[in-house]
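K.L.:
Before I ask anything, let me first share the structure, which is written out below as structure tokens.
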Amino acid sequence: MAFQQRERDFGGQDGGGGAYEGGGFGRGRGKRPVTDYGSTMVHWMRNRQPRFKGGYQGEMERPSPSYIVDMLPPLARLSNPADSIPSKHLHSSLNKIKHPVNVVRWTPEGRRLLTASSSGEFTLWNGTGFNFETIMQAHDVAIRALAYSHSDDWLISADHDGLIKYWQPNFNNVKVIQGHTEPVRDIAFSPTDSKFVTASDDAHLKIFDFAGGVEESSIHAHTWDVKTVDWHPTKGLIVSGSKDHLIKLWDPRESGNKELTILRGHKNTITRTLFERVRGDCLATSARDQTARVFDLRMMRDILLLKGHEKEISTLTWHPIHSSLLSTGGGDGALHHYLLDEPNNPPGVLPTLAPYDSPDPTTAPAQTIHPAHKIPYAHDFPIWSLDWHPLGHILASGSNDRVTRFWTRARPGETDSFNDRYHIGEEAAEAQGTWDRRGNRRQRQAEEEQELEDEMEGLVDQKMPSKAPSFPGIPGLPLPQNPSAIQIPGVGGPLPPPPFNNSSLDVPPPLPGLNPSNPPDFARLAEMMKNAGLPPPPPPPIGSANPQFPPPPPGMLPPGLLPPPGNFQLPPGFPPPPNMGVPPPGFAGAIPGMGGQTGVSQGNEEGGSGGSNAGLPPPPPPPIGSANPQFPPPPPGMLPPGLLPPPGNFQLPPGFPPPPNMGVPPPGFAGAIPGMGGQTGVSQGNEEGGSGGSVRRRGPLPSQEESLQMEQRRGKYTRAR
């Protein structure tokens, strides 16, 4: 397809969008190819005719730059797959934080490319300008498989922990299921989208009901890891490939472990199995034996043997328009394109006969096919995934070198694309002048800066607050439609407290807007607040319809409520809680703001104002002989339960009585608690009294030998290397 190099971006004038907003000029960008398939599609639709009338009647392409305007999409060249071979490098996209790209998938409408990385992230790239659009953390571990439904309404993803997630087209995660206990290697939808199948390292195939998310059947498919699976686009037929070098066909209706047939021919691990999507008569497979094979499902045998790779073939893909164009990615980063109806034998290699042309197709050997086009240096490391644009004009590749690259056909008159660094290497391209190492480094740096800016802008866009009104701090609890029916005071306007007669009632009235005969579900509200990280709500009053919360003891606050500050006073007209001024048994203080008449200690005789020291720790338990003897006194020099030791420079305020046995150390203890006034230092050489308690010594660290012995007792590191 046509693409244009741009020096500056002034608002997408060349088909791409960009930094033009409000009529002003944007910041200049580096060279970035921008594809515009709209003009070619319109050109073809305007000049096309029915096939019985001759088909396309417009100007045909010729090898000259002046015929760029006459380029046609693959849909207009069904009988010429060679014109769709992607030999031109368009763009290389990479994230700010780079991770290997495991899967690449075009969205169903072709506007964006979705990539899944080993860090569990989804990244969306623009389908015309190839710039960054957005990124999200989809999984906690590496994503291994992606599949769009045939209706284009759903996306399912699987990761290295065996989790399967459902996604809407707007990437809203609606469901998570635990499909396998081992990594899921591949996933595929049924023709009706009502089921999907998964392949895992646990040697099983599992068929799930999509609507319910439940497992319908489990097939012990192979004796080793299942690396790939695919469901026929129109038939009830499943193919699987495994580490045991076998390819098996399955009937999804059968619940047993008996396969329909076994296809042999590969001599190493099967890496990819894929049905042809246009006609559905062929099956393509690849393996680590450096070969790929095409099987005819009507004969259940291999008819083509694809050679040419020097390393293992890690992935392959069919063209969505041309059923005779197959692309493969190798473990050395090479990208090969095969025309299945053209042998393309290199010089000195004798051609072989196709099985269809032989007297007995069932016994004839497979025909050998060599690549029609090679890109030896497409990537620096293995290519993990390939995917074609739905229109068939752009091929996307994801690799272990953490780069996503886009490829397309060369424009009419372009001949230098075969001499770039991806075809002949960096050194040869630099010697021929088709690649500048220094200039490319500057261009790559500019592209990375631009991708970084796009990513930061995308992340800022994702942080917009939700527009749905809700109660602050309680997610999922919306505001009522009627503002006058607000049930929590202080939200939507102040509500005055109702009059209350303490002499006629023993309990305070309910909150405004609450029905005493139909109280809210406090258990559900407490669960929602617990999920939001908030303290639980107070229990309902005594005598309500929800008695699972017992009333608090006299003078004690209900659970979940914090004591008010010392200068807190109830507002005029608001009733005090029951048993407000009654202290608990054995308590010698008062709760701030509750109007108690007992001081903190016997030395404080100012009544309820003694509770103003709210910032101090709670007093110790009562001594023996008090009204609450269930708390025994702590040992000499030990703090009561629930109290943390104060810092070393802590001093008791004037007039505050020290705890009992404050300066007496516990038996066998050679130090002192900081701030407690002990007269014993940390060691015998420290004679500065209680101040010596602030000196702490680090304990001895465990030796490596002890750590190794501990790990060996757990069963690790027991085998010598």
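The values are calculated or read from the model by the stated rules, or taken from the named source; none is laboratory data. Worth saying up front: this structure is predicted, and the values here are computed from it rather than measured. Positions of Cβ are generated from backbone atoms using ideal geometry, with glycine treated the same way; all protein chains shown enter the neighbour counts.
K.L.:
Here are some residues: K206, K235. Which one is in the same structural domain as K267 (by TED's automatic domain parsing) and surrounded by 15 or more Cβ atoms within 10 Å (Cβ to Cβ)?
P.N.:
So the residue among K206, K235 that is in the same structural domain as K267 (by TED's automatic domain parsing) and surrounded by 15 or more Cβ atoms within 10 Å (Cβ to Cβ) is K206.
K.L.:
Would you tally the residues in region 304-346 being assigned to a strand (DSSP E or B) and in contact with a Leu (Cβ under 9 Å, 6 or more places away or on another chain)?
P.N.:
Qualifying residue count, region 304-346: 17.
K.L.:
From R272, R277, R253, grab the single residue that is touching a Ser or Thr at 6+ places or on another chain (Cβ under 7 Å) and either of a type outside the set (D, E) or in the same structural domain as S324 (by TED's automatic domain parsing) (or both).
P.N.:
R272
K.L.:
On to the next question. In this structure, does L297 turn out to be touching a strand residue (DSSP E or B) at 6+ places or on another chain (Cβ under 7 Å) and either of a type outside the set (A, V, I, L, M) or within 22 Å of I85 (Cβ to Cβ) (or both)?
P.N.:
Here the answer is no, as L297 does not meet what is asked.
K.L.:
Now for a different question. Quick check on my filter: what residues within region 417-437 are among the acidic types (D, E) and modelled with pLDDT of 80 or more?
P.N.:
D420, E426, E427, E430
K.L.:
Using the structure shown, decide if G398 is crowded, with 20+ Cβ neighbours inside 10 Å and in the same structural domain as L316 (by TED's automatic domain parsing).
P.N.:
Criteria met by G398.
K.L.:
Among residues belonging to region 271-295 that are over 11 Å from S323 (Cβ atoms) and among the basic types (K, R), point out the one that is farthest from the chain's Cα centre (by Cα).
P.N.:
Going through the qualifying residues, I end up with R293.
K.L.:
Can you tell me which of D70, D14 is at pLDDT 80 or above, surrounded by 14 or more Cβ atoms within 10 Å (Cβ to Cβ) and among the charged types (D, E, K, R)?
P.N.:
Sole residue among the options that is at pLDDT 80 or above, surrounded by 14 or more Cβ atoms within 10 Å (Cβ to Cβ) and among the charged types (D, E, K, R): D70.
K.L.:
Take the residues of region 376-427 that are part of a helix (DSSP H, G or I) and acidic (D, E): which is farthest from D332 (Cα to Cα)?
P.N.:
D416
K.L.:
In addition: Please go through region 179-205 and pick out each residue that is touching a residue at least 40 places away in the same chain (Cβ under 8 Å), in a strand (DSSP E or B) and either among the acidic types (D, E) or out of contact with any Leu (no Cβ under 9 Å at 6 or more places or on another chain) (or both).
P.N.:
R185, D186, A188, F189, K195, F196, L205
K.L.:
Just checking, which of H160, H220 is without any contact (Cβ under 8 Å) to a residue 40 or more places away in the chain and buried (at least 16 other Cβ atoms within 10 Å of the Cβ)?
P.N.:
Just a single option satisfies the conditions, and that option is H160.
K.L.:
In addition: Looking only at strands (runs of 3 or more DSSP E) that fall completely inside region 31-148, which ones have 1 or more residues that are over 24 Å from A378 (Cβ atoms) and either more than 21 Å from the chain's Cα centre (by Cα) or among the polar types (S, T, N, Q) (or both)?
P.N.:
The qualifying strands (runs of 3 or more DSSP E) are 132-137.
K.L.:
Another question about this same structure. Just to be sure, is R279 over 29 Å from D420 (Cα atoms), assigned to a loop (DSSP other than H, G, I, E, B) and touching a residue at least 40 places away in the same chain (Cβ under 8 Å)?
P.N.:
It is true that R279 is over 29 Å from D420 (Cα atoms), assigned to a loop (DSSP other than H, G, I, E, B) and touching a residue at least 40 places away in the same chain (Cβ under 8 Å).
K.L.:
Continuing with the same structure: Hey, could you check region 206-240 for residues that are part of a strand (DSSP E or B) and of a type in the set (F, W, Y) and say which is farthest from S314 (Cα to Cα)?
P.N.:
F208
K.L.:
Okay, moving on. Based on what the data block shows, is N131 free of Cβ contacts under 8 Å to residues at least 12 places away in the same chain and either buried (at least 19 other Cβ atoms within 10 Å of the Cβ) or outside the structural domain of D186 (by TED's automatic domain parsing) (or both)?
P.N.:
Spelling it out, it is not the case that N131 is free of Cβ contacts under 8 Å to residues at least 12 places away in the same chain and either buried (at least 19 other Cβ atoms within 10 Å of the Cβ) or outside the structural domain of D186 (by TED's automatic domain parsing) (or both).
K.L.:
Quick one: would you say R111 is within 30 Å of P412 (Cα to Cα) and surrounded by fewer than 19 Cβ atoms within 10 Å (Cβ to Cβ)?
P.N.:
Against the criterion (within 30 Å of P412 (Cα to Cα) and surrounded by fewer than 19 Cβ atoms within 10 Å (Cβ to Cβ)), R111 qualifies.
K.L.:
Restricting the search to region 75-87, which residues are in contact (Cβ under 8 Å) with a residue 40 or more places away in the chain, closer than 22 Å to G38 by Cβ and surrounded by fewer than 21 Cβ atoms within 10 Å (Cβ to Cβ)?
P.N.:
Within region 75-87, L75, L78, D83 qualify.
K.L.:
For region 285-303, name all the residues that are part of a strand (DSSP E or B) and basic (K, R).
P.N.:
Once the filter is applied, which keeps residues that are part of a strand (DSSP E or B) and basic (K, R), region 285-303 yields R293, R301.
K.L.:
Here's a follow-up. Determine whether T181 is farther than 25 Å from R272 by Cβ, of a type in the set (S, T, Y) and touching a Gly at 6+ places or on another chain (Cβ under 8 Å).
P.N.:
no
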